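First the structure, in the form of structure tokens, and then the observations on it.
The values are calculated or read from the model by the stated rules, or taken from the named source; none is laboratory data. Worth saying up front: this structure is predicted, and the values here are computed from it rather than measured. Neighbour counts are summed over all protein chains in view; Cβ atoms, including those assigned to glycine, are modelled from backbone coordinates with ideal geometry.
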Protein chains: 2
Amino acid sequence: MTGASTAIWGVGTSAFGKQTELGGPQLAWQATVEALDDAGIRATDIDAVYAGTVFGDPGTVTRSLQQIGIVEVPVITIENACASGTSAFHEARLAVEAGRYERVLAFGIETMTVHFDGAISPIASDPDGAQGFAMPSIYGMSATRYRYEFGVTDEQMAAVAVKNRGHALGNPRAQHRKSVTVEQVLGSRMVADPITLFQCCSIADAAAAAVIGPLGESQDPGQEVAIRSSALRSGRLWDHTTDKVWGWDIVADTATQAYEAAGVGVGDIDVFEVHDAFTIGEIITTEALGMCELGEGGRLVESGHTAMGGAQPVNPSGGLLSRGHPLGATGLAQIAEIAWQLRGMASERQVPGARLGAVETMGGGTAGIDGNACVVTVLEQVG
Amino acid sequence: MTGASTAIWGVGTSAFGKQTELGGPQLAWQATVEALDDAGIRATDIDAVYAGTVFGDPGTVTRSLQQIGIVEVPVITIENACASGTSAFHEARLAVEAGRYERVLAFGIETMTVHFDGAISPIASDPDGAQGFAMPSIYGMSATRYRYEFGVTDEQMAAVAVKNRGHALGNPRAQHRKSVTVEQVLGSRMVADPITLFQCCSIADAAAAAVIGPLGESQDPGQEVAIRSSALRSGRLWDHTTDKVWGWDIVADTATQAYEAAGVGVGDIDVFEVHDAFTIGEIITTEALGMCELGEGGRLVESGHTAMGGAQPVNPSGGLLSRGHPLGATGLAQIAEIAWQLRGMASERQVPGARLGAVETMGGGTAGIDGNACVVTVLEQVG
């Protein structure tokens, strides 16, 4: 192992789904208490908190955590679009690496059904939201462009949903735990051509958390997960003359930075959790992560390479397409999944022998900007 | 000078007030370009951004800055109630101190008249907002309790507004630039007994920014302002049996931490910008900062100690009561004011010979929690 000085000491999540009977504080409690127990520490042991939320009311993160007993410490709440949770993870890790704190809680939460009452339309890519550019439309346009440039088929896109919904059969915390067929995916109602309903993640209420500390210094070092690297960046102004659709470059740039910092190549990584908010997103992302050539992402998923049992499973948890997408919680749920995988704790959905894993989260963007934020982190089994 | 390894290289702000004709990107441009020019660097020199906003739509900070040419770098947007701007400053400074970045933009913005159409009621102290505990009510209850415990008078509270509105006569960027008398303050309409209208800050649209880098490494080191220390913490569960009203302890704890880290005593500090969102707030804060004993804050302002020409002027800019309170921008506007004071650039409102300054920002809280966040930073003239 090279370079790692920080580790995940413990992780936790709530269940994912429509949970209006539970408020933010209850979801926060579930995720945080599980992460603290997993790390073998108490609420009062936490030195600082970095939290991610997009639509959380001002101060709710702080108050939710204060009610658990995390008081008088710095609490930094970050909004970084869909990458808010992994942005909090990134900042928490850098703070531990700098020696500023010993035990930091990275936390993410979103109670979306309360905010949006089940609708997806308000999650617009502002300021274009006023023109009807909600996120499904943006991804629909990407898919259309992609089809034109590289000939990706409807069946290839549907294969992403079929794979990930199949993976979720082994994930008791996922929102959607029912397998679907290519025919069902393509036959579900059209949301933003060519993206059908089963190709869209649903919104959800959930919280997720990770305790981060110096590598080798927890109560049970053998259960730590080393943080080999973490990269975070915002997008460039999008070049309309490029072959690459919106989001491709920011993911590729961030992944390159994360791989270099970790001293690994994409071929070394055994398991991935990536931002499959819409099926086309996973196709673009697997390419941008370097798992195949530009334009080959559709064929990659069809080949089974990214399925359970394939060489490099992507989204063993079922991904956002199955778990649902509670914005601020998503990134830390991805982190938790890879931590469980690397510790051999993923039961039915375990990727056998996984030693190196990666998480990618993509946040926002408009037609003119190549993404607001992307985070890629490389994690490794200890020992 | 002891301990400082980081410095403010440049500062900038927009004007403050109702500026609906200007959008967020325009206000961001004004503040950021002024700060970059002041620091003698270009947009593309910035390595990372820490931004503060409370009600900004997801992604707007990132997009505003991308349009200035700050692209492809980490952008971390922080919500920490009214202390969001100084929280961004705090995190930016820690990142430079850790050697992670060389030139970081700390940035704050809020376009409140667009969000709230001039009303103050939505700025509730959630979850109590549902019960009518908007911020003026919380401060009104503090004032009532304070009057009972320590006998602070209406005239002493009014004296804060008279002082700060008087100071603002020298601040061309303040929203309210008209002096008021004690009679006018007490005769203005009642908002939340005993807090009258002229004792409340108004909402505003504005942006503010600071460039932070290693001490002594800017193009013009003599114009830097050294960051001696910065402390940030969340509140404790409020002890209802204490003499101290809501917010007192968190300010005192944070200030103690900042003074110790800077190796200074409160008596060493020549000029302060503090969180006078309501008149009673400045009275409580000056006490909690250690400028006088518990219960003596009313007499302190009456004595002239905190006025221009007094021993330790507080809020030479006119404070929130005159500048207005664009939540995310406020903390960085306070930082900018102290930077100008320490560099002798505050023209009509210059505190003569100011060498050491402090900024305090208080964020949120409810009846049950002693504040969501407080930031105190100690700044020093270089050379």
(request) Sort out which residues of region B:45-64 are more than 19 Å from B:His90 (Cβ to Cβ) and in a helix (DSSP H, G or I), and write them in order of number. (result) B:Asp45, B:Thr60, B:Thr62, B:Arg63, B:Ser64
(request) Pull up region B:95-106, narrow it to residues that are more than 7 Å from chain A (Cβ to nearest Cβ) and without any contact (Cβ under 8 Å) to a residue 60 or more places away in the chain, then point me to the one that is surrounded by the most Cβ atoms within 10 Å (Cβ to Cβ). (result) B:Ala95
(request) Considering only region A:19-44, state which residues are within 11 Å of chain B (Cβ to nearest Cβ) and in a helix (DSSP H, G or I). (result) A:Gly24, A:Pro25
(request) Identify all residues within region A:10-30 that are polar (S, T, N, Q) and either closer than 26 Å to A:Val375 by Cα or under 18 Å from the mean Cα position of the chain (by Cα) (or both); write none if there are none. (result) A:Thr13, A:Ser14, A:Gln30
(request) State which residue is surrounded by the most Cβ atoms within 10 Å (Cβ to Cβ) when the search covers only region B:203-261 and only residues that are without any contact (Cβ under 8 Å) to a residue 40 or more places away in the chain and among the β-branched types (Val, Ile, Thr). (result) B:Thr256
(message) Considering only residues that are modelled with pLDDT under 95 and either among the polar types (S, T, N, Q) or in contact with a His (Cβ under 6 Å, 6 or more places away or on another chain) (or both), which ones fall in region A:220-235?
(response) A:Ser234
(message) If I ask for residues that are within 28 Å of A:Ser142 (Cβ to Cβ) and among the polar types (S, T, N, Q), which ones from region A:327-383 would you list?
(response) A:Thr330, A:Gln334, A:Thr361, A:Thr366, A:Asn372, A:Thr377
(request) Go through region B:271-295 and give me each residue that's free of Cβ contacts under 8 Å to residues at least 24 places away in the same chain and closer than 21 Å to B:Val185 by Cβ. (result) none
(message) Regarding region B:169-177, can at least one residue be identified that is part of a strand (DSSP E or B) and either under 30 Å from B:Asp45 (Cβ atoms) or not assigned by TED's automatic domain parsing to the domain that holds B:Val245 (or both)?
(response) no
(request) Taking A:Val191 as the residue in question, decide whether it is under 26 Å from B:Ala51 (Cα atoms) and buried (at least 19 other Cβ atoms within 10 Å of the Cβ). (result) no
(message) I'd like to check something: does region B:332-342 contain any residue that is within 14 Å of chain A (Cβ to nearest Cβ), crowded, with 22+ Cβ neighbours inside 10 Å and within 13 Å of the chain's Cα centre (by Cα)?
(response) no
(request) Scan region A:164-178 and report the pairs whose first residue is within 18 Å of A:Phe272 (Cα to Cα) and touching a residue at least 12 places away in the same chain (Cβ under 8 Å) and whose second residue is surrounded by fewer than 24 Cβ atoms within 10 Å (Cβ to Cβ) and of a type in the set (Asp, Glu), with Cβ atoms within less than 6 Å and a gap of 6+ or a chain change. (result) A:Gly170/A:Glu348
(request) Just one of (1) at pLDDT 90 or above; (2) out of contact with any Lys or Arg (no Cβ under 6 Å at 6 or more places or on another chain); (3) more than 27 Å from A:Ala373 (Cα to Cα) trips up A:Asp45, so point out which. (result) (2)
(request) Among the helices (runs of 4 or more DSSP H) lying completely within region B:226-306, list those that include at least 3 residues that are hydroxyl-bearing (Ser, Thr, Tyr) and under 15 Å from the mean Cα position of the chain (by Cα). (result) B:279-288
(request) Count, please, the residues in region A:45-70 that happen to be out of contact with any helix residue (DSSP H, G or I) (no Cβ under 7 Å at 6 or more places or on another chain) and more than 9 Å from every other protein chain (Cβ to nearest Cβ). (result) 3
(request) Just one of (1) over 19 Å from the mean Cα position of the chain (by Cα); (2) modelled with pLDDT under 95 trips up A:Thr153, so point out which. (result) (2)
(request) Among the residues of region A:71-94, count how many are more than 8 Å from chain B (Cβ to nearest Cβ) and part of a loop (DSSP other than H, G, I, E, B). (result) 1
(message) Which count do you get for residues in region B:38-49 that are out of contact with any Phe, Trp or Tyr (no Cβ under 7 Å at 6 or more places or on another chain) and at negative phi?
(response) 7
(message) Just checking, does region A:123-144 include any residue being in the same structural domain as A:Gln26 (by TED's automatic domain parsing) and modelled with pLDDT of 85 or more?
(response) no
(request) Give the number of residues within region B:343-373 that are more than 14 Å from chain A (Cβ to nearest Cβ), more than 15 Å from B:Ala277 (Cβ to Cβ), outside any helix (DSSP H, G or I) and not charged (D, E, K, R). (result) 11
(message) Just to verify a result, which residue in region A:133-168, among those that are β-branched (Val, Ile, Thr) and not in a loop (DSSP other than H, G, I, E, B), is farthest from A:Ile283 (Cα to Cα)?
(response) A:Ile138
(message) Residues that are closer than 28 Å to B:Leu27 by Cβ, buried (at least 23 other Cβ atoms within 10 Å of the Cβ) and of a type in the set (Val, Ile, Thr): does region B:286-298 have at least one?
(response) no
(request) Check off (1) more than 17 Å from B:Ala106 (Cβ to Cβ); (2) in contact with a strand residue (DSSP E or B) (Cβ under 7 Å, 6 or more places away or on another chain) for B:Thr361 and give me the number that stays unchecked. (result) (1)
(message) Looking only at residues that are of a type in the set (Gly, Ala, Ser) and over 22 Å from the mean Cα position of the chain (by Cα) in region B:31-47, which one is surrounded by the most Cβ atoms within 10 Å (Cβ to Cβ)?
(response) B:Ala43
(message) Looking at B:His325 and the list (1) within 14 Å of chain A (Cβ to nearest Cβ); (2) assigned to a strand (DSSP E or B); (3) under 13 Å from B:Asp276 (Cβ atoms), which single condition is not satisfied?
(response) (2)
(message) Taking the conditions exactly as written (surrounded by fewer than 24 Cβ atoms within 10 Å (Cβ to Cβ), away from every other protein chain (no Cβ under 14 Å) and not aliphatic (A, V, I, L, M)), does B:Gln381 satisfy them or not?
(response) yes
